[in-house]
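Below: the structure, in structure tokens.
The values are calculated or read from the model by the stated rules, or taken from the named source; none is laboratory data. None of the values given here were measured: they were computed from a predicted structure. Using ideal geometry, Cβ is built from the backbone for each residue, glycine included, and neighbour counts are taken over all protein chains shown.
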Amino acid sequence: MGIDFIIFVSNMKTLIIHPEDYTTDFLETIYYGLDNKTVLRNEFSVAQVCALIESHDRVFMMGHGSPSGLFSMELSIEFSPFAVNDKMVEALSSKKNNFFIWCHADIFVRNNNLKGFSTGMFISEPDEATLYNVFIDDNALIENSNSSFSNIVSKLNMETPEEMYFKVKQQYFEQNSANPIAEYNASRLFLFQ
């Protein structure tokens, strides 16, 4: 049975939706070494994205976003500022292996009754730290937090959302226990089942 599971895991098809944006390039580490993946960095139509969601076993969505979805950094064919939005909810609702990594993704997931691992507000830039009253005297703390988060998730990227939630939360905090940015972010990781 263990061999069957290993074969199943190695054959899992993963869709990565990560809009082009140099400020979130640190997230590339999460999927860099993954096999059997489709990576969307530029805009596609809603129909194309929904078809890709349905044809993959799991979906990683990452970048900047809001409670309304994952931002696109260029205007889409359908004139939406979002690469992932409420038009993809039906396709996403058939999946339990979803990974929503953007600011306030938890609200999008909760409002649409979706399943998976999610971030809440996630500080990844100095302006966000100021906005959310997390005061630091060295921006390197943000870079360290970003790098640590991405490296941990990359090592766990074949885990289920439940396993990832517990392991990332623990490891991310342990590696950054003196970093107020990581402490803030670690307290805003969620699992929706």
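Among (1) surrounded by fewer than 17 Cβ atoms within 10 Å (Cβ to Cβ); (2) within 18 Å of the chain's Cα centre (by Cα); (3) at pLDDT 95 or above; (4) assigned to a helix (DSSP H, G or I), which single condition is residue 113 missing?
(4)
Among 46, 59, which is the only one that is in contact with a Leu (Cβ under 9 Å, 6 or more places away or on another chain) and of a type in the set (Val, Ile, Thr)?
Working: 46 fails: in contact with a Leu (Cβ under 9 Å, 6 or more places away or on another chain).
None of the others qualify; the one that does is 59.
Does residue 54 meet the test of being surrounded by fewer than 18 Cβ atoms within 10 Å (Cβ to Cβ) and in contact with a helix residue (DSSP H, G or I) (Cβ under 6 Å, 6 or more places away or on another chain)? Break it down into steps so the answer makes sense when it comes.
On the way: surrounded by fewer than 18 Cβ atoms within 10 Å (Cβ to Cβ): yes; in contact with a helix residue (DSSP H, G or I) (Cβ under 6 Å, 6 or more places away or on another chain): yes.
Against the criterion (surrounded by fewer than 18 Cβ atoms within 10 Å (Cβ to Cβ) and in contact with a helix residue (DSSP H, G or I) (Cβ under 6 Å, 6 or more places away or on another chain)), residue 54 qualifies.
Quick check: is even one residue across the range 50-68 part of a helix (DSSP H, G or I), touching a residue at least 24 places away in the same chain (Cβ under 8 Å) and β-branched (Val, Ile, Thr)?
Within the range 50-68, one or more residues are part of a helix (DSSP H, G or I), touching a residue at least 24 places away in the same chain (Cβ under 8 Å) and β-branched (Val, Ile, Thr).
Can you pull out every residue in the range 116-152 that is within 11 Å of the chain's Cα centre (by Cα) and closer than 15 Å to residue 188 by Cα? I'd like the intermediate steps shown before the answer.
From the range 116-152, those within 11 Å of the chain's Cα centre (by Cα) are 116-120, 122, 149-150; that's our starting set.
Passing the criteria: 116, 117, 118, 119, 120, 122, 149.
Within the range 140-193, which residues are more than 15 Å from residue 26 (Cα to Cα), surrounded by fewer than 16 Cβ atoms within 10 Å (Cβ to Cβ) and of a type in the set (Gly, Ala, Ser)?
Passing the criteria: 177, 178, 187.
Would you mind stating whether residue 95 is out of contact with any Ser or Thr (no Cβ under 6 Å at 6 or more places or on another chain), closer than 21 Å to residue 158 by Cβ and either modelled with pLDDT under 95 or part of a strand (DSSP E or B) (or both)?
Numbers: out of contact with any Ser or Thr (no Cβ under 6 Å at 6 or more places or on another chain): yes; closer than 21 Å to residue 158 by Cβ: yes; either modelled with pLDDT under 95 or part of a strand (DSSP E or B) (or both): yes.
Yes, satisfied.
Pairs, please: C-beta under 7 Å, at least 6 apart or cross-chain, first residue on the phi > 0 side of the Ramachandran plot and in the range 36-47, second surrounded by 12 or more Cβ atoms within 10 Å (Cβ to Cβ)?
Every condition considered, the pairs that remain are 36/12; 36/13; 36/14.
So which of 107, 101 ends up being of a type outside the set (S, T, N, Q), modelled with pLDDT of 95 or more and under 17 Å from residue 23 (Cα atoms)?
101
Being touching a residue at least 12 places away in the same chain (Cβ under 8 Å) and crowded, with 21+ Cβ neighbours inside 10 Å is the requirement here; does residue 134 meet it?
Values: touching a residue at least 12 places away in the same chain (Cβ under 8 Å): yes; crowded, with 21+ Cβ neighbours inside 10 Å: no.
So residue 134 fails the test.
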